[in-house]
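The values are calculated or read from the model by the stated rules, or taken from the named source; none is laboratory data. Just so it is clear, the model here is predicted, and its values are computed rather than measured. Virtual Cβ from ideal backbone geometry, glycine too; neighbours counted across all protein chains shown. Heavy atoms of the whole protein, side chains included, go into the accessibility calculation; ligands, DNA and RNA do not. Shrake-Rupley method; radii C 1.70, N 1.55, O 1.52, S 1.80 Å.
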Amino acid sequence: MTQASAQRVQIDIEGTVQGVGFRPFVYRLARELELSGWVRNTMDGVLIEVEGAAETVDTFLQRLRADAPASACVESIRRHVVPVLDDTGFAIHRSTEPGRCALVIAPDLATCADCLRELADPSDRRVRYPFLTCTQCGPRFSLLTEMPYERSNTTMGAFPLCPNCEAEYETESDRRFHAEPIACPVCGPHVRLWDEQGREEADGEEALQQAEESLRAGSIVAVKGLGGFQLWVDAGSDEAVRRLRTRKQRPDKPFAVLFSSLDAVRVHCLLSSDEERMLCSPQAPIVLARKRQVHQLAEAVAPGNPSLGVMLPATPLQHLLMQDLQRPMVATSGNRSDEPIVTDEQEALVRLKGIADAFLVHDRPIARPVDDSVVRVMGNGFDAKGFESGDSPKARVMILRRARGYAPQAIRLRDGLAQGDGQGPVLAVGGHLKNTVALLREDRVWLSQHLGELSTLEADTAFRQAVGDLQRLLQADPRLIACDLHPDYRSSGFARELASSLSVPLVPVQHHHAHVVSCMAEHGLDGEVLGIAWDGAGYGTDGQVWGGEFLIAGNRQFRRFAHLRPFRLLGGETAMREPSRSAAAVLWEMMGEQMPAYRLPSWDVADDQRARFAALLRSGLASPWTTSMGRLFDAVASLTGLCRQPSFEGQAAMAVEFAAERAQADRRSFASGYSVDVAEPDSSGGTRVVDWRPMMSALLDDLRRGCSPEQIAARFHAGLAAGIVRVAQAAGLPRVVLTGGCFQNGLLLSLARRRLEEDGFAVYSHSLVPPNDGGLSLGQAVVAAHHYALVREGRS
């Protein structure tokens, strides 16, 4: 080929393109098209140079996106022409940026189709090997100990490669070229079965078979997985599932169920195409799907819940067990309540003692706990039967728990504020519930895996490890630390100590502002939005408990435009566990001293309890004011009798949502929603107040008339959506953000979105990070970075 007819192009690709087999893919594609050049990793992704006929180079560019590995995520491709070198061959080069830390950390990925074929091939040397992997699948983040991502910096470093594996690792055309976790039965980890005392009963294939026999017999087996232990039990055995509930002290919270195949899921659940796509994705999360009316699962798996958390096998070990068992299995996190999942087999013998009957363990160490991710496909409107349509063109995937498969993928910001303004990396430590931590560096924010509630020593240890992990893996020392405004959160106390020890500024960020900015960061929004942040509780700038907030918010600051009418948080945190207290507080605001004598058949509260409630409300003792939408949902759940004594966070609100869903076929319930008043601010320029009293008064009238809880729940949801539109109209901003834990409610989100869009508003909700407190750290990091810039400009 003459230089006149040849073209050489340099291509800069950013995204998740390291640790996912992207360089071997580029190598094979270039060789197939007979292009010369090279590919290497960079700090931000990969850099490629290719040379050949111009039309062939164009084909190469098109196929970079179209044919990329399923586990890769190409965020941007930049190209420019460079001088023709007239070289030959194509090579994979090592990085030429020594000392610079790559800004890409790949998440753990579900087993790919190629590895599954090997797993089932009797002639393959890895047949039925529980730890086979390649560049396109397997553990990444859960075994990474240091950067760069090399075998010696993972927990697989203790397993030297055998000659056959080493040959694959070094061969550029092999799909296991530089696949750091590769192994085989000769050189890799192995499984063993222990009894409850830790005595070995079997190893290898025999361990799998004995574990399967135990599960068929109804035993509870703790299975060491990719990011920690799971507790397995037969999902078809009500007795076995109830035994697990008793031992785990988890009376009602739904268990996730693992199925052997998509067809097996369809037997028990109704699946949209989007839900099927998520189940089969490289992330392989738990997907919330609607149960069929007739199914064969134990009722104790998800009591009173129309949905089921379903998942498909994500590791070779899970595939082997499920192929053999051919029955659905509960596969829930291996922990006790409020603790992180167990990662070490010796620790499991202690922390899971009295829960598990046997332990299926292996000798591949886990670097950090990484739980299963949870997602929900949110529809937009109703289908012919009145249910949310997951196949709607506007269906959206919402992450409810961001962990395996997603963490610690970075969120790209619209600009490079952090490094550009010179303050360096920002560490954000999240909230107290559903905690995550985040690190902002240059134009990206890395979120840790879901860590959970920081109420135990074990949780605090995992939290501190996650903070250290992000700093170490990204080689970033924070120059600014962000935390929640609440002074008593464990995460806030840690942030104060760390900021003091490092002599760096600390930026406390108001809880609901962080929620709004988290969603803004996902969508690259700047300027002001109306942020509607509804949740259970968040510390306000006035020291009160907020939770029903309408904020005029930007990335730097906010003002409170409107909020729910306050009522008492009766007994403080106790009210978050007892919905009857929220009901009593709401009734007190409506009728005062008449509350103790007020009677409803559905509100079954003893007279002496009413008297105690009244005494507390009269004095205000241990009963701060709150504007919490979560507690208003609790009040409705209690007054309608839908939930009297919840055993897990959000159960009462879920009961109201499920009741409203049951009424969806009757569209009249939604057309005649309850009304709220929106009080204008007084002359002093205060905030608007969304008064729920007309809504609750109409609700009580309906209860006295004998209306069903389903109709009442539907009218309550419709009234909230209508109230949102009224406040949005008053605010006059074209963009509305819906965030906070209450917007995990698919019905509330879809009603609010539809009515706002019908009124001409652009509506934004979460998809990359959870709307609950799992997304707080992202918002905190962005607010803190902008706040620092504001201070430097002298306008704080």
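Worth a mention:
- With Cα atoms, 0 to 90° folded angle of helix 629-639 axis to the chain main axis: 60
- Computed from the C-beta positions of LEU502 and ARG705, the FRET efficiency with R₀ = 56 Å rounds to 0.35.
- Distance between the modelled labels on ARG662 and GLN293, one decimal in nanometres: 1.4 nm (7 Å Cα→Cβ projection).
- Taking the accessible area of segment 252-296, probe 1.4 Å, and keeping the other protein chains in place, the carbon and sulfur fraction comes to 50%.
- Normalised convex hull volume, the chain, alpha-carbon set, Å³ per residue: 175
- Segment 1-149: relative contact order in percent, alpha carbon pairs under 8 Å with at least 6 residues between: 31
- Taking only alpha carbon atoms, segment 1-160 gives an Rg to Rh ratio of 1.02, where Rh is the Kirkwood radius.
- Cα-based Rg and Dmax for segment 267-337, where Dmax is the largest Cα-Cα distance (Å): 12.7, 35
- A cut-off under 10 angstrom between Cβ atoms defines the neighbours of GLY571, and their net charge, with Lys, Arg +1 and Asp, Glu -1, is +2.
- Compared with the rule-of-thumb size 2.2 N^0.38 Å for a compact globular protein, segment 480-536 has a Cα radius of gyration ratio of 1.31.
- Peptide ranges 718-728, 594-604, 271-281 listed from the most packed, as the mean C-beta count within 10 angstrom indicates: 718-728, 271-281, 594-604
- Under the convention that each Lys and Arg Cβ holds +1 and each Asp and Glu Cβ holds -1, the size of the dipole of segment 43-121 around its Cα centre is about 260 debye.
- Only Cα pairs under 8 Å and 6+ residues apart enter the sum, and on that basis the relative contact order of the chain stands at 11 percent.
- In this label model, SER337 and ASP607 are separated by 3.2 nm, measuring between points 7 Å along each Cα→Cβ vector.
- Size estimate for segment 432-485 follows the Kirkwood approach: the inverse of mean 1/r over distinct Cα pairs works out to 11.8 Å.
- Intensity falloff of segment 211-253 expressed as log10 I(q)/I(0), Debye formula with alpha-carbon point scatterers, at q = 0.21, 0.25 Å⁻¹: -0.68, -0.89
- Against the compact-protein benchmark of 2.2 N^0.38 Å, the Cα-based radius of gyration of segment 1-66 scales to 1.08.
- Between GLU200 and CYS280, residue separation times 0.36 nm minus the direct Cα-Cα distance comes to 25.3 nm.
- Pairs of Cα atoms nearer than 8 Å and 6+ residues apart set the relative contact order; for segment 26-104 it is 47 percent.
- Shown for segment 576-644 is the translational diffusion coefficient from the Stokes-Einstein equation, using the Kirkwood radius over Cα pairs, a temperature of 4 °C and a viscosity of 1.567 mPa s: 108 µm²/s.
- Positive-end residue, segment 51-146 charge dipole about Cα centroid, Cβ charges, pick of GLY138, ALA91, VAL57: GLY138
- Among 546-559, 108-121, the peptide with the highest mean count of other Cβ atoms within 10 Å heads the list, and the full ranking is 546-559, 108-121.
- The alpha carbons of segment 284-389 give a radius of gyration and a Dmax of 16.9, 53 Å, in that order.
- Ratio of Rg to Rh over segment 121-175 (Cα coordinates, Kirkwood Rh, two decimals): 0.97
- Nearest-ten-degree value, helix 579-591 long axis tilted from longest Cα axis of the chain: 40
- Measuring between alpha carbons in the structure, the pairs from LYS248/LYS353; LYS224/LYS434; LYS291/LYS353 lying more than 21 angstrom apart are LYS224/LYS434; LYS291/LYS353.
- For segment 75-224, the average shadow cast by the Cα convex hull is 13.4 nm², which is a quarter of the hull's surface.
- Whole-Å distance, taken between Cα centres, linking segment 722-796 and segment 581-652: 29
- The angle between the Cα long axis of helix 709-731 and the main principal axis of the chain comes to about 80°, on a 0 to 90 degree scale.
- Positive-end residue of VAL529, GLY641, ALA660, charge dipole of segment 519-662 with Cβ unit charges: GLY641
- Charge dipole of segment 189-232 about the Cα centre (unit charges at C-beta), most positive-ward option of LEU215, PHE229, GLY204: PHE229
- Segment 150-279, Cα convex hull volume normalised per residue, Å³: 186
- When you count the other C-beta atoms within 10 angstrom of each residue and take the mean per peptide, 363-376, 55-68 line up highest first as 363-376, 55-68.
- Annotation: for a label point projected 7 angstrom from Cα along Cα→Cβ of VAL82, residues of segment 36-61 with backbone N closer than 18 Å are 36-54, 57-58, 60-61.
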